[in-house]
Amino acid sequence: MKKSIAILFIIMLAVIAIYNNNQTKNGSPDQIPKIGFTAPHFSLSSLDNQTYQVAGKRDKPVILNFWASWCGPCREEAPYLKELYEKYKDRLDFYAINLTANDDVESAKAFVKEFGLSFPILLDETGKIANLYQVISIPTTYFINTNGIITQKIIGATDPGSFEQYMKELVR
């Protein structure tokens, strides 16, 4: 009987250790990319070889749009993202994060040229940032306020009116 209790106790300790290890790997609760939580911090290089950083409090709110050149819904939303960026660029920072781990730089450049995009195009060449933000479908867009808190998340393309409404709420 004592042996069975000891084995059960060891198994419980192992389960707790595995659970705690997984929690550490996935980040602290304030680093989980959910509405109401702090956006995970990162820095990435862009198509124009600049480094951009998303971390903590900022002067302007931020929009992160994860996309790829081969993504049909990404192609659908590109024209209105361009239009909305031009309208709000003085009031927020907009970063389009190309999933370069599943795309290639030349295709991303062709996409940017085709749609005449002028906002920064960041390159997630390893997929690390997409994993950090738990991107499972594209496009995925995060809206982050000046305190670094995620206020909205959109999975998939949305209509221009809804997208602009989220932007208006963000820049208030």
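Only one entry of Ile121, Ile138, Ile154 meets the criterion of being modelled with pLDDT of 95 or more, within 20 Å of Ile35 (Cα to Cα) and in contact with a Ser or Thr (Cβ under 7 Å, 6 or more places away or on another chain), and that entry is Ile154. When Gly148, Gly161, Gly72, Gly116 are screened for being surrounded by fewer than 19 Cβ atoms within 10 Å (Cβ to Cβ) and on the phi > 0 side of the Ramachandran plot, only Gly116 passes.
Among residues that are under 16 Å from the mean Cα position of the chain (by Cα), polar (S, T, N, Q) and farther than 16 Å from Ser162 by Cβ, Asn65 is not included. Restricted to strands (runs of 3 or more DSSP E) entirely inside region 29-86, those with at least 2 residues that are among the hydroxyl-bearing types (Ser, Thr, Tyr) are 42-45, 51-54. Please work out which residue is farthest from Asp93 (Cα to Cα), limiting yourself to region 37-53 and to residues that are surrounded by 12 or more Cβ atoms within 10 Å (Cβ to Cβ) and not aliphatic (A, V, I, L, M). Going through the qualifying residues, I end up with Phe37.
The values are calculated or read from the model by the stated rules, or taken from the named source; none is laboratory data. What you see is a predicted model, and the numbers here were worked out from it, not measured in a lab. Glycine also receives a Cβ, built like all others from the backbone with ideal geometry; neighbour counts cover every protein chain displayed.
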